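Remarks on the structure that follows.
Since every read-out is calculated from the coordinates, none of them should be taken as a lab result. Quantities reported herein were computed from a predicted structural model and do not represent experimental measurements. Backbone-built Cβ (ideal geometry, glycine too); neighbour counts: all protein chains shown.
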Amino acid sequence: MKAKRMKNQRKIMQTYQMHYDFREAYQVLITSDCLRAMHAFAMPIQKFLLNTLQGKVLPYITQCTLAKVMEGYSGKGRDGRPAYLPPPMDVPLRYCKHKDDEGQERGVIPEAECLIDLLSGQVKGNQQPKNKNHFVLAAADWDEGIKDQKQREKLEAERRKRRRQGNQDVDVRDRARTIAGVPIIYVKRSVMVLEEPSAATDRAIRGVEKDKFKDGIGGAARGVKRGREDDDSDQDTNNDDGSKNRGVKRARGPNPMSVKKKQPKDQKQPAPPATAQENQDPSQQTAKRKRRGKRGKHNAEQGDMAKPTEGAIESEQT
């Protein structure tokens with residue numbers, strides 16, 4: 001099961017690499033709930049993230065996440081920080097500057113709002129949210145890894161109090177699924193899993209592929225029409241800003257170096273050079289005696305000896 005899960009996670013990361021230009025080392029934003037769950041199940045952060053994303057990782061926590069983790073702690077001495085907060089050398093701090101619509105800094109804001117602001121690229125107004133910094137989100141449920149019943153009841157009471165005040169807790173994973181191109185990791189019972197691409201991510205991928213298909217068909221048709229009207233359309237043209245527009249690439253002929261050259265029909269083939277025997281005088285050619293080898297001469301003499309003479313033939317007849 002583990003091998004099958006790792007193969008599926010590899011395919012998911014290949015999808016993000018192909019369509020959203022994700023590269024190693026991956027920047028992972030870790031929530032406070034995920035830190036607590038990984039500490040409770042004794043899961044080394046660097047090792048598990050490396051096995052899940054199957055590549056080099058750079059884990060971070062934001063200033064707002066650190067502020068939520070340090071609630072109720074003085075920050076001094078051994079008991080001044082929670083046990084599940086890793087040292088800065090293992091998980092460094094990611095500085096986040098949140099600004100309002102007027103451009104004024106907001107300071108520390110709720111953790112969920114901070115993470116969504118970073119994942120969406122800190123958009124303003126009607127801008128389309130886009131994960132332009134290629135962040136990966138690592139989250140967990142709010143009660144994951146809490147073994148003490150009193151601590152669980154305390155956290156549940158705080159959530160109910162915020163709900164009565166109108167400050168509903170925002171589920172970071174649900175909000176992150178609405179942003180295209182955000183890989184989401186969650187921890188569940190000592191298992192770290194990489195989620196499948198969200199519906200927003202799938203819609204964005206299908207839209208890009210459809211646009212490429214339309215541009216390919218339209219560009220080919222327009223290229224043929226321009227080729228009929230203008231023979232110089234394949235030349236590079238300069239824009240006003242100095243950039244170049246490349247023309248439509250056309251099918252070209254074969255390589256002239258690999259094609260046999262054609263010879264004109266009226267051109268006669270040059271006569272072959274005469275040999276030394278043809279250059280000799282005809283009288284010398286006839287006067288030249290034919291040489292015979294020893295074997296031929298010996299066979300001829302034996303044939304003459306075996307041939308009967310005319311006198312012998314006449315004596316036999318009488």
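Here the extension length gained between K97 and R10 equals 28.0 nm, from 0.36 nm per residue of separation less the Cα-Cα distance. Working ranking of peptides 205-214, 139-148 by packing, defined as the average number of other Cβ atoms within 10 Å per residue, highest first, is 139-148, 205-214.
Computing FRET efficiency as 1/(1 + (r/R0)^6) for Q17 and Q263, where r is the C-beta to C-beta distance and R0 is 45 Å, gives about 0.20.
Loop-only check: which GluC sites (Glu not before Pro) in the range 11-115 are DSSP coil with at most 15 other Cβ within 10 angstrom?
E24, E71, E102
When the square roots of the Cα gyration tensor eigenvalues are ordered a ≥ b ≥ c, the ratio a/c for the range 37-120 is 1.5 or more and a/b does not exceed b/c, which makes its shape oblate. Tally Lys and Arg at +1 and Asp and Glu at -1 over the other residues with C-beta under 14 Å from the C-beta of A40: what net charge comes out? After counting each charged neighbour, the total is 0.
Quick one: grab the alpha carbon gyration tensor of the range 2-196, order the square roots of its eigenvalues as a ≥ b ≥ c, and give me rounded if a/c is under 1.5, else prolate or oblate depending on whether a/b is larger than b/c. Cα axes put the range 2-196 in the oblate bin.
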